[in-house]
Amino acid sequence: MHRLRTCAARLRPLTASQNAPSFSQQRTAVTPGALRTFQPFRCYAAPVAAEPFLNGTSSNYVEEMYYAWLENPKSVHKSWDIFFRNANAGAPPGSAYQSPPSVGVSLSGLSQAQALVGAQPNVEKLVEDHLAVQSLIRAYQVRGHHIAKLDPLGISCVNFDNAPLTIGSHQSGFYGLEEADLDKVFRLPTTTFIGGSEGALTLREIIRRLEMAYCQHIGVEFMFINDLQQCQWIREKFEKPGVMQFTLDEKRTLLARMVRSTRFEEFLQRKWSSEKRFGLEGCESLIPALKTIIDKSSENGVESVIMGMPHRGRLNVLANVIRKELDQIFCQFDSKLEAADEGSGDVKYHLGMYHRRINRVTDRHITLSLMANPSHLEAVDPVVQGKTKAEQFYCGDSDGKRVMSILLHGDAAFAGQGVVYETFHLSDLPSYTTHGTIHVVVNNQIGFTTDPRMARSSPYPTDVARVVNAPIFHVNADDPEAVMYVCNVAAEWRATFHKDVVVDLVSYRRNGHNEMDEPMFTQPLMYKQIKKQKPVLQKYAEKLIAEGAVSRQEYEEEIAKYDKICEEAYNRSKDEKILHIKHWLDSPWPGFFTLDGQPKSMSCPSTGLNEEVLSHIGQVASSVPVEDFTIHGGLTRILKGRATMVQNRSVDWALGEYMALGSLLKEGIHVRLSGQDVERGTFSHRHHVLHDQNVDKRTCIPMNYIDPNQAPYTVCNSSLSEYGVLGFELGFAMASPNALVLWEAQFGDFHNTAQCIIDQFISPGQAKWVRQNGIVLLLPHGMEGMGPEHSSARPERFLQMCNDDPDIFPIITEDFAVRQLYDCNWIVVNCSTPANYFHVLRRQILLPFRKPLIIFTPKSLLRHPEAKSRFDDMLPGTHFRRLIPEEGSASQNSAGVKRLIFCTGKVYYDLTKERKTRGLEDTVAISRIEQLSPFPFDLVKAEAEKYPQAQLLWCQEEHKNQGYYDYVKPRISRTFNNTRTIWYAGREPAAAPATGNKKAHLVELERFMDTAFNLDAFQNQS
């Protein structure tokens, strides 16, 4: 009886709000009347008219009985027959029940469960007991993980409820079940597998098996999943008796993996005790966990695994999972080692690895890639997903059966960093899904020095995963066999359902945040317990020795064998004189950097196209290549306008983009454009996806109809995310250099919520990880009086991170323009013409290398009548123009020009309009710097020398402390050895990027236009 009271106290009745399964999702052939009557967690309690059961009974039991009754009313007990008849007639649940006759009860209508308990005259008691057992089983399934023995330290501070775990007045038993009921036999419902092949068990055995399934070293969260098949699959994996059995070979393999995981860390500690390495001590079972996932996935057909993880345990994963050469890892600890590769490099616990090898368990080839990651722990999550999606795309793996991702997390970061949530929400989106990711949380139960009680508001760090109905398997990391079993199930789940799953390794951190940190300052009681904790390898070895699975001698020989491997690698590492970061490359592009075995030349062919190609793409852009497809009337006018432009041999911004992307597709280059509202375009200019006005979800992408042999075009609206989606696209661009991957911000201002990806991956990526990337960022930019959040893409931030030196005038060579691009960390442009935009997109692919490209794109220029280009500017022999010089009358009268204005982007059109209004077209020259970085020193010099008598002025519409001024001023000055002054015209310094008042905006514009064209403005200034 004590056992029954204990489980009753620990597993209180479920409330109606807890994990109610969707009735309508369980069955579809339900009558409207039944749907109105049988509400979840109400219908099944009504026949016994017992209020305590309204919130605790299994709905599946009643639903099955109801459908049995629909087929044959005589197949259920008379009381249920009456109830269902009354309910179908519209009676409310409280009055639908009628007591059956108390005498002369026929036992022929009793269910098998009732017959097993005995034919008692009190039918209500029979139904009551049966439903109580259903509720008991369900309570364990829903809440068993709350009382599982998950914490190896036994000090978990998690509080799952704000109220005591009681059941009100029912302290004598669980839903009226008494001690006398423990040996009664109950038929088991179809929603449990604890009986195995047995259809009925005593209540005592039911409780014992439920405790074994849900309350030991594994805690399973899954009852929030609203798919019956998935819930049943999980129940079967954990409830079936004897499921967690391992062969002798499996146990010995597991022990060997634990030895490698543990002794690797101990070896590093002996050799480099004062070095940071962020070791795995306290969660050594992570290594066999990952190897188990990879083994099972390989068995299920996976050929490539892309992994991302924080720094803790990274060296161990590289050594014992990816199988990087140990001497290459050990030599990283040598402070005298010289760097052979370009760039600054990164610390050893941030670097990645790419390795193709044979999986010894399955004898199949498998490719493992561990992505390089900065200290921003979860930033790598969407990057991994993007690279995984790309690999699936390029190998035709539409179901994710050949390529998969594994993400490792820390508990504090998993709960605390928003990019985790953003990444989860990509998991089921058609253009972003990777068909299931296995998430492994190394749950230290602490974040640096922060207690979980201060680090999150949810009981578990993994609760964020519930948002996508991912099952969560908590496991005590000091039980390697439980870990191995859970990881096998996780890999099978992913292979079966192609959905995310979380493995929560509840462990501890034996040292501080790093090996030099003192954790006793802030967690004294926890670390007193940790010091007493026996290492998991020792515990598991003793268990196997006691079982007779291995002898002590075999165990010691396994340790000696691995220690010898480490010593030999250590001796070899001393011979390393030069560190090659390229050995740590996680995304190699074999064959891309060479041509016929030789390095590619530093040249770029013309980015122009034949007129026939331009016309053909223009015709596709102006048409609907699908029959019986009704488009919006406004779109009809837009397409007609495009057709007219093609006939007139001209293009606007949208058509120039169309021709650039379409031509690359025709040449076999995959193009992917992603971001918020990119299909139509935020400013309703692009319209790459057409929608049938009469048929829901029927769409057409004309760009996929350019050529029968073209590459596919992927254009996809993203979730309302910048951080996650930009990381995803960056990862996609890593997979192959032969693709143009573009991410467009809804407004350029919004890139700042993805600043981590820009700062940590895009700007320094090649310097840190010797990894080129050709991603393109399209950032709408321009001051149109739309307020401080819809004006500026913050060009000053991108320019500040450029690595070109303002104090050095470069040596101008024949290949200077391309060589400059090769030496820079990224390219920053602000195009003012559709033709230049067209060329820079094509140049991105035709270059012999890859660099990130930042493009400040326009808003008002999308429809500006003067922002158009001729076909002549896009024909063979034409190129991207880094600087567009003055081409008007001022260029014919260079000696008479009094002022040369340098500018970039949209302000050029404001300047030319004002110049014409003031009649200064012969005395003021205006030149556009289209490529800001790397800076076109040679062209700026040539342009300024053409006007020797002219004042040099930089004009921008941005505020003085923003925009381009601080970047261009020292470079223009250095071009002339500081002999010519560069003046400024633009808005005054300000804290906000723009005013929110339209009138104030126009006043500011008028003011700096006066400065730009007042030829006497700087005469008296030195």
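The values are calculated or read from the model by the stated rules, or taken from the named source; none is laboratory data. Bear in mind that the values here come from a model prediction, so they are computed numbers and not experimental data. Neighbour counts are summed over all protein chains in view; Cβ atoms, including those assigned to glycine, are modelled from backbone coordinates with ideal geometry.
Looking only at the range 513-528, decide whether some residue is over 28 Å from SER335 (Cβ atoms), modelled with pLDDT under 95 and of a type in the set (Val, Ile, Thr). Within the range 513-528 (the criterion being over 28 Å from SER335 (Cβ atoms), modelled with pLDDT under 95 and of a type in the set (Val, Ile, Thr)), the answer is yes, since at least one residue qualifies. Scanning the range 782-813 for residues that are closer than 20 Å to MET602 by Cα and either modelled with pLDDT under 90 or among the aliphatic types (A, V, I, L, M) (or both) yields ILE811, ILE812. Of the residues in the range 623-642, not one is of a type in the set (Gly, Ala, Ser) and in contact with a Gly (Cβ under 9 Å, 6 or more places away or on another chain).
In this entry, ARG510 passes the filter for residues that are touching an Asp or Glu at 6+ places or on another chain (Cβ under 7 Å), among the charged types (D, E, K, R) and either crowded, with 24+ Cβ neighbours inside 10 Å or assigned by TED's automatic domain parsing to the domain that holds MET309 (or both).
Considering TYR947, TYR965, TYR909, TYR984, which residue is aromatic (Phe, Trp, Tyr) and within 24 Å of CYS824 (Cβ to Cβ)? Even if it seems obvious, please write down each step before you answer.
On the way: TYR947 fails: within 24 Å of CYS824 (Cβ to Cβ); TYR909 fails: within 24 Å of CYS824 (Cβ to Cβ); TYR984 fails: within 24 Å of CYS824 (Cβ to Cβ).
Just a single option satisfies the conditions, and that option is TYR965.
For first residues located in the range 493-522 and at positive phi and touching a residue at least 24 places away in the same chain (Cβ under 8 Å), partners that are surrounded by fewer than 16 Cβ atoms within 10 Å (Cβ to Cβ) and charged (D, E, K, R) and lie 6+ apart or on another chain with Cβ distances below 6 Å do not occur.
Do we have MET244 as touching a Phe, Trp or Tyr at 6+ places or on another chain (Cβ under 8 Å), closer than 30 Å to GLU558 by Cα, of a type outside the set (Val, Ile, Thr) and assigned to a loop (DSSP other than H, G, I, E, B) here? It is true that MET244 is touching a Phe, Trp or Tyr at 6+ places or on another chain (Cβ under 8 Å), closer than 30 Å to GLU558 by Cα, of a type outside the set (Val, Ile, Thr) and assigned to a loop (DSSP other than H, G, I, E, B). Within the range 814-825, residues that are within 8 Å of LYS851 (Cβ to Cβ) and in contact (Cβ under 8 Å) with a residue 12 or more places away in the chain have Cβ atoms under 9 Å from residues that are among the polar types (S, T, N, Q) and in a loop (DSSP other than H, G, I, E, B) in these pairs: CYS824/ASN803; ASN825/SER763; ASN825/ASN803, counting only partners at least 6 apart in sequence or on another chain.
Quick one: would you say ALA372 is among the small types (Gly, Ala, Ser), within 24 Å of ASN773 (Cα to Cα) and modelled with pLDDT of 95 or more? Break it down stepwise before answering.
Details: among the small types (Gly, Ala, Ser): yes; within 24 Å of ASN773 (Cα to Cα): yes; modelled with pLDDT of 95 or more: no.
No: the conditions fail for ALA372.
Right, VAL259: under 30 Å from TYR562 (Cα atoms), in contact (Cβ under 8 Å) with a residue 60 or more places away in the chain and surrounded by 15 or more Cβ atoms within 10 Å (Cβ to Cβ) or not? For VAL259, the condition - under 30 Å from TYR562 (Cα atoms), in contact (Cβ under 8 Å) with a residue 60 or more places away in the chain and surrounded by 15 or more Cβ atoms within 10 Å (Cβ to Cβ) - is met. Taking the range 173-209, which residues are modelled with pLDDT under 75 and surrounded by fewer than 14 Cβ atoms within 10 Å (Cβ to Cβ)? Hits for the range 173-209: nothing passes.
Taking the range 416-467 as the region of interest, how many residues are polar (S, T, N, Q), surrounded by fewer than 17 Cβ atoms within 10 Å (Cβ to Cβ) and within 26 Å of ILE306 (Cα to Cα)?
1
Across the range 865-892, which residue is surrounded by the most Cβ atoms within 10 Å (Cβ to Cβ) among those that are of a type in the set (Asp, Glu) and not in a loop (DSSP other than H, G, I, E, B)?
That would be ASP873.
The numbered conditions (1) under 14 Å from SER304 (Cα atoms); (2) surrounded by 18 or more Cβ atoms within 10 Å (Cβ to Cβ) are all true for LYS401 except (2).
How about the range 566-582: which of its residues are surrounded by fewer than 16 Cβ atoms within 10 Å (Cβ to Cβ) and either at pLDDT 90 or above or assigned to a helix (DSSP H, G or I) (or both)?
Going residue by residue through the range 566-582, those that are surrounded by fewer than 16 Cβ atoms within 10 Å (Cβ to Cβ) are 567-568, 571-572, 574-575, 577-578, 580, 582.
Within the range 566-582, GLU567, GLU568, ASN571, ARG572, LYS582 qualify.
If you go through the range 179-223 and keep only what is assigned to a helix (DSSP H, G or I) and either more than 42 Å from the chain's Cα centre (by Cα) or of a type in the set (Gly, Ala, Ser) (or both), you end up with GLU179, ALA180, ASP181, LEU203, ARG204, GLU205, ALA213.
Residue count for the range 618-637 satisfying the condition of being within 22 Å of LYS697 (Cβ to Cβ) and surrounded by fewer than 16 Cβ atoms within 10 Å (Cβ to Cβ): 10. Somewhere in the range 829-849, is a residue buried (at least 17 other Cβ atoms within 10 Å of the Cβ), among the β-branched types (Val, Ile, Thr) and more than 33 Å from the chain's Cα centre (by Cα)? Yes, the range 829-849 contains a residue that is buried (at least 17 other Cβ atoms within 10 Å of the Cβ), among the β-branched types (Val, Ile, Thr) and more than 33 Å from the chain's Cα centre (by Cα).
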